[in-house]
1. Can you name every residue in the stretch 111-161 that is surrounded by fewer than 15 Cβ atoms within 10 Å (Cβ to Cβ), closer than 21 Å to C90 by Cβ and either touching a Ser or Thr at 6+ places or on another chain (Cβ under 6 Å) or not aliphatic (A, V, I, L, M) (or both)?
2. Among (1) surrounded by 13 or more Cβ atoms within 10 Å (Cβ to Cβ); (2) without any contact (Cβ under 8 Å) to a residue 40 or more places away in the chain; (3) over 14 Å from G79 (Cα atoms), where does I53 come up short?
3. Take the stretch 54-85 and flag every residue that is polar (S, T, N, Q) and either in a helix (DSSP H, G or I) or within 14 Å of the chain's Cα centre (by Cα) (or both).
4. Take the conditions more than 30 Å from K160 (Cβ to Cβ), open to solvent by less than 70 Å² (accessible area, probe 1.4 Å) and in contact (Cβ under 8 Å) with a residue 40 or more places away in the chain and apply them to I4. Does it pass?
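The values are calculated or read from the model by the stated rules, or taken from the named source; none is laboratory data. Just so we're clear, the structure is a prediction, and the values are computed from it rather than from any experiment. No Cβ is skipped: glycine too gets one built from the backbone with ideal geometry, and neighbour counts run over all protein chains shown. We work out accessible area using only protein heavy atoms, side chains counted, and drop any ligands, DNA or RNA first. Shrake-Rupley method; radii C 1.70, N 1.55, O 1.52, S 1.80 Å.
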Amino acid sequence: FIPIQLTLTSMVTIGIPSFILALEPNNERVKGNFLRQVISKALPSGLCVAINIFILSMLNRNCIILDKDFSSLCVISTGMCGLILLFKLCKTRKGENTRLPFSIFRLTLGICLTCIFVFGLTSLNWLFSIVPLEPLILPIIFILVLSIVNFTVLSFVLRKLLKVEK
């Protein structure tokens with residue numbers, strides 16, 4: 001990673017969502033073991049990023065992924081894992097009266113941040129030192145599937161290990 005690439009991923013996965021979601025009213029009290037709940041939600045995403053970067057590193061080392069594409073694919077992988085976590089955290093709370101899995105506000109936030117991320121990767125690729133994505137469609141699809149599988153499995157395993165309610 002180079003610092004400007006971290007700006008893109010941090011902006012769409014940490015900065016903007018934490019600021020906006022912190023402004024949303026919430027009258028529910030924290031129940032259960034707060035630290036276990038935080039770890040069970042944050043750790044799968046962090047491990048997912050680490051596993052994806054490790055796999056990309058091995059593919060790069062074996063000349064399956066070119067050096068010029070490696071950094072960009074790492075940025076894409078990190079952003080995807082962060083956006084998957086964002087959508088998981090934006091699910092409807094238990095006390096909310098809605099049949100939808102997301103409130104309109106949170107769904108709009110997730111879609112807008114995904115669009116900002118894609119815009120940064122495509123139209124502003126020169127600013128964030130991202131290579132053109134057209135030749136990387138298959139690796140990007142591989143990373144997306146890998147991220148979803150890793151995140152799902154890690155979330156399930158950690159929830160069972162930490163004995164956290166869903």
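1. Residues satisfying the conditions are C112, C115, F119, T152, F156.
2. Looking at each condition in turn, I53 falls short on (3).
3. Filtering the stretch 54-85 for residues polar (S, T, N, Q) gives 57, 60, 62, 71-72, 77-78.
S57, N60, S71, S72, S77, T78, listed by residue number.
4. yes
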